[in-house]
Amino acid sequence: MAWDYSEKVKKLFFDAINKKASSHIGEIDNPDGEGFHGSLVCGDAIKLSFKVEKNKDPKKDIITKIKYLTFGCTSAIAASEAICIMIEQGKYTPIKALSITKDEIVKFLDGLPNQKIHCSIMGVEALRVAIYDWAEKRNVDLEKLGIKKEQKQNKKQDSSDFVVCDCMGHTKSYVIDQIKDLKLKTVEDVIDKIKTGSVCGKCIDKKDGIKDILKELNNKNKKEEEKTPYMLTKEIERTVHEKITPILAKDGGGIEIIEIKDKELFFKLKGTCKTCSSANNTIEYVIQKTLRDKVHKDIKVKQVL
Ligand code: FES
């Protein structure tokens, strides 16, 4: 099948395979951060490695050189190039690089065919793993900065998590996150976009497999849609008090609810959170993500200054 690639994708791909000086294919010796994502079984895998210019405050380290090795298609190579260019040209710190999304990569590439979006996810995931590696080496406590580590595709989140797809090593929590993030609806979408179920297919029909996960999420969505504004307000309040406040309080921070309008929460940060340089991460990864996971997928949060 011939894919309709943008001119930018084609240029980055040909520059890479022709080993032009601008290409980032390769591996960095003694990297400060290194990450792998994908599976050689399914035929798509990316390894990213980077070097930083070290600062006395590791949070201000700048990524100066980043390279990748990709076992995959045109899109996987172009998406990896895109990540490297964005980071090097933008003089990103590893923490800032964590905010790169698959949508930004797709935009940078002037689009990708729908069936190839998983290639951009792979790059983002490999980058995350490389940044977690850097954080460990540089003794940076990401959780303390309000950055909740996203799960690796094959790392169980807690004792209730398990590997759904043995061929790809994908855990249930990983599959659920990708289904929500990419708004996947069918088994075909899941196979197309994230490759879970793409090898032997046994994980599609088995108990707690892909079909069961989709059904479970579908039921959850239906229940969410049935919530009245009153129920939403009460659930947001309860989640803020019972789940979010204790997390912020661990580091002397807090949150005050100002107003709840339908699915939107207006709040003030309190204590150490008010002056924390990572407050944006706390808002996105702790406050908003928790409310979206526990109350409704469309919750929006807004800080009142
Ligand atoms: S278990 Fe083989 S494709 Fe999922």
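All of the numbers you see were taken from the coordinates with simple rules; none came from a lab. All values reported here derive from a predicted model rather than from experimental measurement. No Cβ is skipped: glycine too gets one built from the backbone with ideal geometry, and neighbour counts run over all protein chains shown.
Order these by the 10 Å Cβ neighbour count, fewest first: Glu225, Glu264.
Details: Glu225 9, Glu264 14.
Ordered from fewest to most neighbouring Cβ atoms within 10 Å, Glu225, Glu264 come out as Glu225, Glu264.
How long are the semi-axes of the ellipsoid equivalent to the stretch 13-76, from square roots of 5 times the Cα gyration tensor eigenvalues, in whole Å, largest first?
Values: eigenvalues 126, 47, 13 Å².
Ellipsoid half-lengths, sorted descending, are 25, 15, 8 Å.
Return a whole-number percent for the relative contact order of the stretch 1-114, with Cα pairs under 8 Å and 6 or more residues apart as the contact set.
Working: 176 pairs, mean separation 31.3, N = 114.
Answer for the stretch 1-114 is 27 percent.
Over what distance in Å are the Cα centres of the stretch 156-203 and the stretch 253-305 separated?
Cα centroid to Cα centroid, the span is 29 Å.
Can you tell me the relative contact order of the chain? Whole percent, Cα pairs under 8 Å, sequence separation 6 or more.
Details: 478 pairs, mean separation 40.5, N = 305.
Worked out over the chain, it gives 13 percent.
Pulled fully out, how much extra length does the chain show between Ser99 and Lys268, if you take 0.36 nm times their separation in residues and subtract their Cα-Cα distance?
That pair, Ser99 and Lys268, stretches by 58.6 nm at full extension.
Just want the ordering: Arg292, Arg128, from fewest to most Cβ atoms lying within 10 Å of their own Cβ.
Details: Arg292 16, Arg128 20.
Arranged by neighbour count, lowest to highest, Arg292, Arg128 become Arg292, Arg128.
Calculate, in whole percent, how much of the Cα-Cα pair population of the stretch 245-305 lies beyond 17 Å. It would help to have the intermediate numbers written out before the result.
Details: 591 of 1830 pairs.
The answer is 32 percent, as a whole percent.
Given the Cα-Cα distance of Thr245 and Asn219 and 0.36 nm per residue of separation, how much length would full extension add, in nm?
Numbers: separation 26, 0.36 × 26 = 9.36 nm, distance 2.85 nm.
The span from Thr245 to Asn219 would gain 6.5 nm if fully extended.
Cut-off 10 angstrom, C-alpha nodes, Gaussian network model of the chain. Which of Asp32, Asp262, Asp189 fluctuates the most?
Between Asp32, Asp262, Asp189, it is Asp262 that shows the largest mean-square fluctuation.
Please sort 81-91, 241-251 by packing, taking for each peptide the average over its residues of neighbouring beta carbons within 10 angstrom, highest first. Each step should come with its number before you reach the end.
On the way: 81-91: 18.5, 241-251: 14.9.
Going by the mean number of other Cβ atoms within 10 Å, highest first, we get 81-91, 241-251.
Would you look at the GNM of the chain, springs on alpha carbons closer than 10 Å, and say which of Thr275, Thr290, Thr93 moves the most?
In this elastic network of the chain, the residue with the biggest mean-square fluctuation among Thr275, Thr290, Thr93 is Thr275.
Considering the chain as a Gaussian network with a 10 Å cut-off on Cα pairs, which listed residue, Ile204, Ile62, Ile258, attains the greatest mean-square fluctuation?
Result: Ile258 has the largest fluctuation of those listed.
With bins 10 Å wide starting at 0, give me the P(r) of the stretch 139-289 over every alpha carbon pair, in whole percents.
10, 30, 30, 24, 6, 0
Using only the alpha-carbon atoms of the chain, report the extent along each of the three principal axes, biggest first, to the nearest angstrom.
Projected onto its principal axes, the Cα set of the chain covers 59, 53, 36 Å.
Distance check, please: which entries in Lys19/Lys107; Lys227/Lys274; Lys180/Lys215; Lys60/Lys268 exceed 20 angstrom between their Cα atoms? Display every interim value, and only then the final one.
Working: Lys19/Lys107 24 Å; Lys227/Lys274 32 Å; Lys180/Lys215 13 Å; Lys60/Lys268 27 Å.
Listed pairs above 20 Å: Lys19/Lys107; Lys227/Lys274; Lys60/Lys268.
Between Lys294 and Lys206, what length comes free when the chain is fully extended (0.36 nm per residue of separation minus the Cα-Cα distance, one decimal in nm)? Write down the numbers at each step before the final one.
Values: separation 88, 0.36 × 88 = 31.68 nm, distance 2.67 nm.
Extending this stretch completely gives an extra 29.0 nm.
For the residue pair Glu188 and Met231, what label-to-label distance in nm results when each label sits 7 Å from Cα along the Cα-to-beta-carbon direction?
Each label point is offset 7 Å from its Cα along the Cβ direction, giving 3.2 nm.
Set the bar at 32 Å for Cα to Cα. Now go through Lys67/Lys211; Lys102/Lys223; Lys8/Lys65; Lys51/Lys302; Lys51/Lys220 and name every pair that lies beyond it. Walk me through the numbers on the way to the answer.
Numbers: Lys67/Lys211 37 Å; Lys102/Lys223 29 Å; Lys8/Lys65 22 Å; Lys51/Lys302 35 Å; Lys51/Lys220 43 Å.
Too far apart for the 32 Å limit: Lys67/Lys211; Lys51/Lys302; Lys51/Lys220.
Kirkwood Rh over Cα pairs of the stretch 43-88 into Stokes-Einstein at 25 °C, 0.890 mPa s: D in µm²/s?
Values: Rh = 11.5 Å.
The calculation lands on 213 µm²/s.
Checking the a/c ratio against 1.5 first, then a/b against b/c, what shape does the Cα gyration tensor give for the stretch 1-109?
On the way: a/c = 1.86, a/b = 1.64, b/c = 1.13.
Prolate.
What area, in nm² and to one decimal, does the C-alpha convex hull of the stretch 217-275 cast on average over all directions?
Numbers: hull surface 18.6 nm².
Computed as one quarter of the Cα hull surface, the answer is 4.6 nm².
Cross-link partners among aspartates and glutamates for Lys11, C-alpha distance below 17 Å, same-chain residues fewer than 8 apart left out?
Glu81, Asp110
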